[in-house]
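The values are calculated or read from the model by the stated rules, or taken from the named source; none is laboratory data. Nothing here was measured: the structure is a model prediction, and the numbers come from that model. We place every Cβ from the backbone using ideal geometry, glycine too, and count neighbours over all the protein chains shown.
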Amino acid sequence: MPAAPDVGGGLDLATQDLEVLWLIVSALALCQDAGLRALYEAGELEVAAALSARQAQELMALLRPLGADGLARRVAAGIAFEDRAALRQRVLPQAQTLLGGLRESVGGLHGRSLLTRELIDRGHSGPAYLRAIEAEQEAPFLFLPSSGGAPERAVARAAEPAPSPGAAPRRRRIPGRWW
């Protein structure tokens, strides 16, 4: 009995299953990003923060019971017993990549929630933030001023001089582009 049936295009069923899962995960991330961007454009930062936090929690709940080996075992379960171990070992790297991508999505969603909360706390608008990151061409980091206004760009320096007494407080670094 073959390890897994060929479905054409050089892919066997097990590989195709994992690739379909990867496409679903990618499409989910794309939809989440588009939805959050639309909420930023509409100035609905409270909704964006709550949505990204909820999506991160839901995705984490889905990931808790599933490990890469368990996923590889499930993929291999549909073939003859004597071929399962070999197939499981072959698809394990793909399963690890898939679950790693899902975990990164959780981290990204959580980071977006924190970023959005920071924008709200500082009185920034969603559209102004989007315009600032879209216009950025030189600086690798975006900084939020301590009170209101549009985010400004700043170039990170390897060695900055210590602030002089009475100088304005340093700004906290906010992650740059997230879509």
| said: Take the conditions loosely packed, with under 13 Cβ neighbours inside 10 Å and either of a type outside the set (Phe, Trp, Tyr) or touching a residue at least 40 places away in the same chain (Cβ under 8 Å) (or both) and apply them to residue 42. Does it pass? | reply: yes
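Table: residues versus (1) assigned to a helix (DSSP H, G or I); (2) among the hydrophobic types (A, V, I, L, M, F, W, C); (3) surrounded by 20 or more Cβ atoms within 10 Å (Cβ to Cβ); (4) under 20 Å from the mean Cα position of the chain (by Cα).
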| residue | (1), (2), (3), (4) |
| --- | --- |
| 24 | yes, yes, no, yes |
| 30 | yes, yes, no, yes |
| 51 | yes, yes, no, yes |
| 55 | yes, no, yes, yes |
| 71 | yes, yes, yes, no |
| 82 | yes, no, no, no |
| 86 | yes, yes, no, no |
| 92 | yes, yes, no, no |
| query | Are any residues in the stretch 74-90 touching a helix residue (DSSP H, G or I) at 6+ places or on another chain (Cβ under 6 Å) and among the basic types (Lys, Arg), and if so, which ones? | reply | 84, 88
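Here is a yes/no grid of residues against (1) modelled with pLDDT of 70 or more; (2) closer than 30 Å to residue 75 by Cβ; (3) hydroxyl-bearing (Ser, Thr, Tyr):
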| site | (1), (2), (3) |
| --- | --- |
| 120 | yes, no, no |
| 127 | yes, no, no |
| 147 | no, no, yes |
| 150 | no, no, no |
| 156 | no, no, no |
| 179 | no, no, no |
| note | Cβ pairs under 8 Å, 6+ apart or interchain, first in the stretch 45-69 and among the charged types (D, E, K, R), second modelled with pLDDT of 90 or more, ordered by first then second residue, are 46/120
| note | The residue from 101, 108 that alone is buried (at least 18 other Cβ atoms within 10 Å of the Cβ) and either touching a Ser or Thr at 6+ places or on another chain (Cβ under 9 Å) or touching a residue at least 60 places away in the same chain (Cβ under 8 Å) (or both) is 108
| request: Name every residue in the stretch 111-142 that is surrounded by fewer than 13 Cβ atoms within 10 Å (Cβ to Cβ) and either touching a Pro at 6+ places or on another chain (Cβ under 8 Å) or not polar (S, T, N, Q) (or both), in order of residue number. | output: 121, 123, 134, 135, 138, 140
